[in-house]
Amino acid sequence: MLRYFWIAVAVVVADQLTKLAAVKYLTRHAEVAVTPFLNLTLVYNPGAAFGFLSDAGGWQNRFFIGVALAACAVIVYMIRRLGPRDRLVAVAFMLILGGAVGNLIDRLVYGYVIDFVDVYYGTWHWPAFNVADSAITVGAVLLVIDALAIGTRKRRAAS
């Protein structure tokens, strides 16, 4: 299933290019309104998802680097064990791997993750995110869809 590796590479490239563009453009513009529910705004996140541990004093970066490296190793191990019919799972894992590597690069180079997508409704704002976060989320959703499909197939086969 390593033939899907290009997906992970594409996610990393897209993630890093959009982050470079965000830093270049959004440093000069505090916020750019795109739609009535979407802004582009530059956020440097030293924590994890939703800013978790962002004010922990610096140790969290090393911790999240370790977690990302371990996650990447596990994902590569799992990808190598997939069969030829596990295409959806392979795509999901490659999206997650690409996203993990994209954010890992930020942590290694800058000590934080660059986020720039701000989705909101009224005064409520979802935490800012990036292409890597989006790929991880889509990959996780695909894994859930695959798990639900397997459950449905097993129930039909048992009937």
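Identify the single condition in (1) more than 22 Å from Leu26 (Cα to Cα); (2) buried (at least 20 other Cβ atoms within 10 Å of the Cβ); (3) modelled with pLDDT of 95 or more that Phe64 does not satisfy, given that it satisfies every other one.
The failed condition is (3).
Tell me, which residue of segment 114-140 that is under 13 Å from the mean Cα position of the chain (by Cα) and in a loop (DSSP other than H, G, I, E, B) is farthest from Lys24 (Cα to Cα)?
Ala128
For segment 93-110, how many residues meet the condition of being over 11 Å from the mean Cα position of the chain (by Cα) and more than 15 Å from Leu69 (Cα to Cα)?
The number of residues fulfilling the criteria is 1.
Failed condition for Leu97, given (1) at pLDDT below 95; (2) farther than 30 Å from Pro36 by Cβ, with all others met?
That leaves (1) as the condition not met.
Pull out all pairs, ordered by first then second residue, where Cβ-Cβ is under 6 Å, the residues are six or more apart or on different chains, the first lies in segment 120-143 and is within 13 Å of Leu97 (Cα to Cα), and the second is outside any loop (DSSP other than H, G, I, E, B) and of a type in the set (Asp, Glu).
Every condition considered, the pairs that remain are Val131/Asp15; Ala132/Asp15.
How about segment 10-38: which of its residues are touching a Phe, Trp or Tyr at 6+ places or on another chain (Cβ under 6 Å) and assigned to a strand (DSSP E or B)?
none
The values are calculated or read from the model by the stated rules, or taken from the named source; none is laboratory data. Please read these numbers as outputs of a predicted model, since none were measured by experiment. A quick note on method: Cβ atoms are made from the backbone with ideal geometry, for glycine too, and the neighbour counts reach across all protein chains shown.
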